[in-house]
Amino acid sequence: MSPVFIILALVTFMAAAAAMTLRHLVHCALAMAVSFVGLAAIYLQLNAQFVGFAQVLVYVGAVAILIVFAILLTRSGEVSNDSIVAPGWVWGVGMAVVIFAVIGWAVLNSPGLPVEAAEAPEVTVRQIGNDLMTRYVVPLEVVGCLLTAALIGAVVIALRDREGEP
Amino acid sequence: MTPLQGCLLLSALLFAVGFAGAVSRRNAILALIGIELMLNAANLNFIAFWRYGEHGGGTGGLMFVVFAIAVAAAEAAVGLALIIALYRHLKTANLDEVKGLKG
Amino acid sequence: MLETLDQIFVSMKHWAVGLFPDMLQPLVSGALSVAAIIGVFGALFAVTTIFERKGLGRIQNRPGPNRVGPGGFLQFLPDGIKALIKEDFVPQAADKVVHFLAPVVFLIPVLLAYAVLPVGRNMSAVDFDAGILFFFAAGASTELAVFMAGWSSRNKYSLLGALRAIAQMISYEIPLILASVTVIMMVGSLNLNAIVQAQEGYHWVLPRWFVLTPWGFAGFFLFFIAAMAESNRSPFDLPEAESELVAGYFTEYSGFKFALFFIAEYFGMFAVSGLAITLFLGGWNAPLSFLTWVPSYVWFFVKLISLIFLFIWVRGTVPRLRMDQLMNFAWKFMLPMALINIVAAAVWHYMGGGWTRWLVCTLLVVGPYVMLGQALLEHKQVSRRTYRFAD
């Protein structure tokens, strides 16, 4: 546990908590972006450069932008005096605490986890590319289809209803 | 605490925070943000096990995360499109006001 | 001798870092790189602002700034002082924290992008295996800063400007990345140093730059147009169209925060030009085989200044686009052309040597260009414009 990791973990966690508790939705989205950047930095710490950069490119560059646009389009950015939580939220938070307690207990007491850190694996981008084109080529194609379908589906769903239709 | 356990604990924490937000906030967009956080917690686990576990020089963990990021992007796009369509229809993005299935 | 001159900055840095104890060396090395980047590109920024104003003046038949210093070339000093001592004004309704953070969040990723640019032989601050991905990730982060600036100001013009800017940046990011994919396919690496090394060597006296191949030529122009749009330069400066939106997303900024936006925009322009040089114009390689004795960093900056001149020239001569024209251009012309260009690059790779591949690839690029152009202009009445002068 290096101090760098602890700092990054704290930033990531605080930003995630802020994203879930702040009143103003745009602030939530921005806090979420900070949390994703923190995660990307943790990936870099763990020698996963490619994934870290891809994380920033996709989450900060695309998903965060999508979310702030959706906030503006649904006028959720205007602060109202209503409660920000749904009725019965205590149960939700309680469940979350239980989940964390169970996973945390399992992580701390599991005998199967490797105790000392292994050699840092060296994976070059070339290796990732080769694997994508050989061993993982079917998932790659499936993801391609999925993204195309999502693209078309999102456009169709969000299209304005034509006049005359409900 | 070993580095691997640190990563796993952080991921559990993120997952719990995301879960709490997703089920207890009223706004649909925040539910989506919570789901994204949960997905990212899972990604962190993959990377942590890839880094510290028995990997034999493979790229399995990385690949899983790359695909998960792509799927998460698709999920965000469709989810937000749904929320926008919902808002057009019912003039609200609050989940507890969306009760009926009939339009 | 020439070798030393070429590597003088590298060896100076090594010597300076060697003065410190082992523990501090990575820190000192990083700090020196950052200081060099900020110093050199900051000076370039100062020179460019005056260069641009003088150049635009020339194009528009007026002298431009000509009061401070010899020929007006010290104008940037009073401008800088003015920006520093101006009142820093924050609107009352603004979201203070986000309003404050936006210019900082805008500038930091732009500066980070410089870390991977090879400005000379052995002269890149970090040698990432996935350098180009890092560059694009840093570039993509600026979009959020633009949103923060526009949204937090609580001003309709700011918000509209920010939304325009983000829509434009996202649309043009796709052709930008697809245009660079051709180079990545050819070199087989995301490392910018490897990309420069792949363009080393000469045919007779001509360099082996990618811009001198059909796909590279098309790729360079696609990249350059998309870069112009990414850095919000005229003719793509709709986000800050003065006649429509006051000043776009930084309408409500003043004083040094405004200056930060201004600096970040120019730094972004330099960074993306540097990437264009690295990808298509051979990086720090000399343009002709008998000029290799000139130090490598000189060539990089000569190319950078020529590209900046091209930016200024375009700004002075091309009128601004309309929003729908901008989007149509990105999605109906740039995107298909970039995809076709990737096919052309693949064909080039698999046809081996010989002149046939020149013919096939040129046809593959020029044919769709002509057809797309005709298809897009079919329903438009394009005729010679008649100018009415006030006589």
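None of the figures in this text is laboratory data; all of them are computed from the coordinates on show. Being a predicted model, the structure only gives us computed values, none of them experimental. Quick reminder, even Gly has a Cβ in these numbers, built from the backbone with ideal geometry, and neighbours come from all protein chains shown.
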### Task
Report, in deg cm²/dmol and to the nearest 500, the calculated mean residue ellipticity at 222 nm for chain C, where each DSSP H run with n ≥ 4 adds -39500 (n - 2.57) and the sum is divided by the residue count.
-21500 deg cm²/dmol
### Members of B:LYS99/C:LYS156; C:LYS54/C:LYS82; C:LYS156/C:LYS257; C:LYS257/C:LYS332 lying beyond 26 Å, as alpha-carbon distances in this model show
B:LYS99/C:LYS156; C:LYS257/C:LYS332
### Task
Starting from the Cα gyration tensor of the protein assembly as shown, take the square roots of the eigenvalues, sort them a ≥ b ≥ c, and report rounded, prolate or oblate (rounded when a/c is under 1.5, otherwise prolate if a/b is larger than b/c, else oblate).
rounded
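Within chain B, what's the longest run with no trypsin sites (Lys or Arg not before Pro) in a DSSP loop and at most 15 other beta-carbon atoms within 10 Å? Give the range, please.
B:1-90
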### Query
Mind checking the mean number of beta-carbon atoms from other chains within 10 Å of the Cβ atoms in C:158-167?
1
### Query
Each residue of the range C:143-156 in turn: what ³J(HN,Hα) in whole Hz from Karplus with 6.51, -1.76, 1.60 and θ = phi - 60°, glycine and Pro shown as x?
4, 5, 5, 4, 4, 4, 5, x, 6, 6, 6, 6, 9, 4
#### Entry: Global geometry of the range C:89-370, whether rounded, prolate or oblate, following the gyration tensor of its Cα atoms and the 1.5 cut on a/c
prolate
## Note on the structure
So, with points 7 Å from each Cα along the Cβ direction, the C:ARG384-A:MET133 label distance in nm works out to 5.2
### Task
At most 11 other Cβ atoms within 10 Å plus a DSSP loop assignment makes a site exposed; report the longest stretch of chain C without any exposed trypsin sites (Lys or Arg not before Pro).
C:68-321
### Summary
Answer in debye to the nearest 20: the dipole magnitude of the protein assembly as shown about its Cα centre, from +1 Lys/Arg and -1 Asp/Glu charges placed on Cβ, is 1680
### Query
Which whole-Hz couplings ³J(HN,Hα) result when phi for each residue of the range B:80-96 is put into the Karplus expression 6.51 cos²θ - 1.76 cosθ + 1.60, θ = phi - 60°, listed in order with x for Gly and Pro?
5, 4, 4, 5, 5, 4, 4, 5, 4, 7, 10, 6, 8, 10, 8, 5, 6
### Message
From the phi angles alone, apply the Karplus equation (6.51, -1.76, 1.60; θ = phi - 60°) to the range C:331-342 and give each ³J(HN,Hα) in whole Hz, x where the residue is Gly or Pro.
### Response
8, 9, 10, 4, 5, x, 5, 5, 5, 5, 4, 5
### MRE, 222 nm, helices only [DSSP H, n ≥ 4, -39500 (n - 2.57), over chain A, to nearest 500]
-21500 deg cm²/dmol
### Query
Based on the Cβ-Cβ distance of C:VAL314 and A:GLU122, what FRET efficiency does E = 1/(1 + (r/R0)^6) give at R0 = 56 Å, to the nearest 0.05?
0.80
#### Entry: Mean ellipticity per residue at 222 nm, deg cm²/dmol - from DSSP H runs of n ≥ 4 across chain B, formula -39500 (n - 2.57)
-27000 deg cm²/dmol
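Could you work out the relative contact order of chain C? I mean the mean sequence separation of Cα pairs under 8 Å and 6+ apart, divided by the number of residues, in percent.
For chain C, the relative contact order is 20 percent.
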